[in-house]
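Notes for the one structure printed next.
The values are calculated or read from the model by the stated rules, or taken from the named source; none is laboratory data. Just so we're clear, the structure is a prediction, and the values are computed from it rather than from any experiment. Backbone-built Cβ (ideal geometry, glycine too); neighbour counts: all protein chains shown. Note: areas computed on protein heavy atoms with side chains; ligands, DNA, RNA excluded. Shrake-Rupley method; radii C 1.70, N 1.55, O 1.52, S 1.80 Å.
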Amino acid sequence: MARIVMKFGGTSMAGSERIRRVAGIVKRQQDAGHEVAVVVSAMAGETDRLVNFCREANALYDPAEYDVVVASGEQVTSGLLALTLQAMGCKARSWLGWQVPIKTDDAHAKARIEDIDADALTASMAAGEIAVIPGFQGVSPQGRVTTLGRGGSDTSAVAVAAAVKADRCDIYTDVDGVYTTDPRIVAKARKLPLVTYEEMLELASVGSKVLQTRSVSLAMKEKVRVQVLSSFIDETAPAADTIPGTLIVSDEELEGSDMERQLITGIAADKNEAKITLTRIADRPGAVASIFAPLADSNINVDMIIQNVAKDLGETDVTFTVPQSDLTRAQAMLEARKDEIGFYRMIAEGNVAKISVVGVGMRSHAGVAATMFKTLADRGINIIAISTSEIKVSVLIDTDETELAVRVLHTAYGLDAAA
C-alpha cells in the first residue's frame, strides 16, 4: 500500500463527464489499497473568466479581494469531485486551503507556501477517506484567502505530497508524459521513462509546458517523486502504477536505474521571447546595473544578456531578452530612465524564439554546444544570442525557424524514435 497524491488540471476537470472520468481514476487507486489525496484545478477557462470579472469590477483591484474571487474556481471543482466520488460509493470530502491549512505568505495573487499542517489530512487518509483539495489556494497569516499564481495547482500538489510524506505525486495532464521534444513539432519524439529534477527544472524554465517551474523546484527540494500521466485514458485502463508515464526523480535514483544515460534529454522551444538592444552605453562601473536593477524591481525576468565593448570609444551595446508579455512594460521603464542609463537608442524585436538543449549528460561530455551551432549553421539558421548553464545550452533565433531548428537538433542528437 502506498500514499499517493493525485493532481488533475483544468482540462481534466472541464465538465461533469470529465469529472466522472477523474473520479473513476481516483477510485481505482483507492480500490488498489492506496491512501489517496487529490488536488484539483478550476475548470478549463474558469480562472480567466473570474479574472475578467475582477478587471471589470475595478481595474485597480485589491489583490486580496482578487484572490477571494479567483480561488472560487478550485472550490467548485473540489466539491464536485467529492460529490461524484461519494456517488460511486467512496468516502470523500473536500478540504479548502484554510481548512487543511495550507499556510502561505501574504503576497496576494503570487503567494508562496510556507507550511502545511497535515495532521488532520493524514488521519483522514489513513481512515480510508479520499481528501479532495483545491489547488492554487492557501491562507495568509492574517487569515485571508491567497492564491499561488498561474500554474499554482502543480505546486499545491507537490507541497501536499511533501507534507503527508506521500510515496509519489501523480500529475495528470493532457499529455501522457515528458517527451524529448514537443510531439506536435517532431513526430518521432520519444516519451522519457525517467527525467531528473534538474533536467525537468531546466526544461520547464525554457518552454516545456508539462510542469510548472515552482512545482519542480519544490519537488527537488523536498525529494518528492513526481509522475506525469495522462488523464485522458480509457475507463477500463489499469491503475497508474502500471501505466507508463514519466517519473521525475533524483540524479542518484537515475544513476541507480538500468536506463542508459542519454547525453541530451530533451529540446525545448519558447516563442514567448523578445529582444531589446540598448546602444552606446558608457563603459563604466554601474552602467549595466542601472539597466537591470529597475527591471528586477518590477519582476521582469531577464534571460540572455550580451555586452559588446568598443574599447576605442569607451561605449558598449547591451542586448538582452525578456518575456514577450513584458516587452511593452520593459520598454516604457527603460525609456523613462534613458538619461540615467545613458543609452543612445533602444531597439526592440519580438519575432524571436529560444531553443534549448538540456541534459545532465553534458556535464561529462564535450562538444554539445559545437554540435548545436554546426547543425543550425548547416541549415542556414542564424544565432542571435547564446546562454548556457551546466546542463543547458540555449540560443535565440528567428521565430519563423523554430520548428526547423527543433527538428534538425532532435535528429542531430540522436533523439528520434526508431521507425
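In degrees between 0 and 90, to the nearest 10, how far off the longest principal axis of the chain does helix 46-57 point, with axes built from Cα atoms?
70
Roughly how tilted is helix 213-222, in degrees to the nearest 10 and between 0 and 90, from the longest Cα axis of the chain?
So the inclination is approximately 70 degrees.
For the chain, the longest stretch holding no GluC sites (Glu not before Pro) located in a DSSP loop with at most 10 other Cβ atoms within 10 Å is which?
1-234
Note the angle between two axes, namely the Cα long axis of helix 368-378 and the longest principal axis of the Cα atoms of the chain, as a number of degrees from 0 to 90, rounded to the nearest 10.
Its long axis makes an angle of about 70 degrees.
Normalised radius of gyration for the chain, please: alpha carbon Rg relative to 2.2 N^0.38 Å, two decimal places.
1.07
Figure the gain on full extension for Ser16 and Asn301 (residue separation times 0.36 nm, minus the Cα-Cα span) and round it to one decimal in nm. Before the final figure, lay out each step's value.
Details: separation 285, 0.36 × 285 = 102.60 nm, distance 3.88 nm.
Gain on extension, Ser16 to Asn301, equals 98.7 nm.
Quick check on my link table: of Lys275/Lys392; Lys7/Lys165; Lys221/Lys275; Lys27/Lys165; Lys103/Lys392; Lys7/Lys392, which ones sit more than 23 Å apart, alpha carbon to alpha carbon?
Checking Cα-Cα distances, Lys221/Lys275; Lys103/Lys392; Lys7/Lys392 exceed 23 Å.
With a 1.4 Å probe and all protein chains left in place, how much of the accessible area of region 1-146 comes from carbon and sulfur atoms, in whole percent?
Ligands and nucleic acids excluded, carbon and sulfur reach 51 percent.
Could you work out how far the C-alpha centroid of region 1-34 sits from that of region 343-359, in angstrom?
41
Relative to the compact globular guide of 2.2 N^0.38 Å, what is the alpha carbon radius of gyration of region 32-117, as a ratio?
Cα-based Rg divided by the globular estimate yields 1.28.
Using label points projected 7 Å from each Cα along Cα→Cβ, tell me how many nm separate Asp119 and Asp106, to one decimal.
Roughly 2.6 nm, to one decimal.
In Å, what is the Rg of the alpha-carbon atoms in region 67-188, and how long is Dmax?
15.9, 52
Picking from Ala405, Ala120, Ala336, which is most flexible by a Gaussian network model of the chain using Cα springs under 10 Å?
Checking each option, the largest mean-square fluctuation is seen for Ala336.
Given a Förster radius of 35 Å and the C-beta distance between Lys338 and Ala59 as r, what FRET efficiency does 1/(1 + (r/R0)^6) yield to the nearest 0.05?
0.80
Among Leu80, Pro134, Ala159, which residue has its Cα furthest toward the positive end of the charge dipole of region 55-209, with +1 on Lys/Arg Cβ and -1 on Asp/Glu Cβ?
Of Leu80, Pro134, Ala159, it is Leu80.
Taking the solvent-accessible surface of protein heavy atoms with a 1.4 Å probe, what is the per residue accessible area of the chain in Å²? Don't skip to the end; give the middle numbers.
Details: 18780 Å² over 419 residues.
Roughly 45 Å² per residue, with all protein chains present.
Mean separation of Cα pairs under 8 Å and 6+ residues apart, divided by the residue count of the chain: what relative contact order is that in percent? Don't skip to the end; give the middle numbers.
Working: 861 pairs, mean separation 58.0, N = 419.
So the answer I get is 14 percent.
Counting alpha carbon pairs within less than 8 Å and at least 6 residues apart, what relative contact order, in whole percent, applies to region 157-233?
Value for region 157-233: 50 percent.
First compute the accessible area of region 167-221 with a 1.4 Å probe, then give the percent of it belonging to carbon and sulfur atoms. Show your work: numbers first, answer last.
Details: 1220 of 2220 Å².
Solvent-exposed carbon and sulfur of region 167-221 make up 55 percent of the total.
Given R₀ = 25 Å, FRET efficiency for Ala369-Thr411 by Cβ-Cβ distance, to 0.05?
0.90
With all protein chains present, how much of the accessible area of region 329-380 (probe radius 1.4 Å) comes from carbon and sulfur, to the nearest whole percent?
C and S atoms contribute 48 percent here.
Among residues other than Tyr197 whose Cβ falls under 11 Å from its Cβ, what is the net charge (Lys/Arg +1, Asp/Glu -1)? Before the final figure, lay out the partial values.
Working: positive: Lys221, Lys223, Arg225; negative: Glu198, Glu199, Glu202, Glu222, Asp251, Glu252, Glu253.
Here the count lands on -4.
Cut-off under 16 Å on the C-alpha distance; same-chain residues fewer than 8 positions from Lys191 excluded. Which lysines are left, in chain and number order?
List returned: Lys209.
Would you please give the FRET efficiency between Arg280 and Thr388, computed as 1/(1 + (r/R0)^6) with r the Cβ-Cβ distance and R0 = 30 Å, to the nearest 0.05?
Numbers: r = 27 Å, r/R0 = 0.91.
FRET efficiency, Arg280 to Thr388: 0.65.
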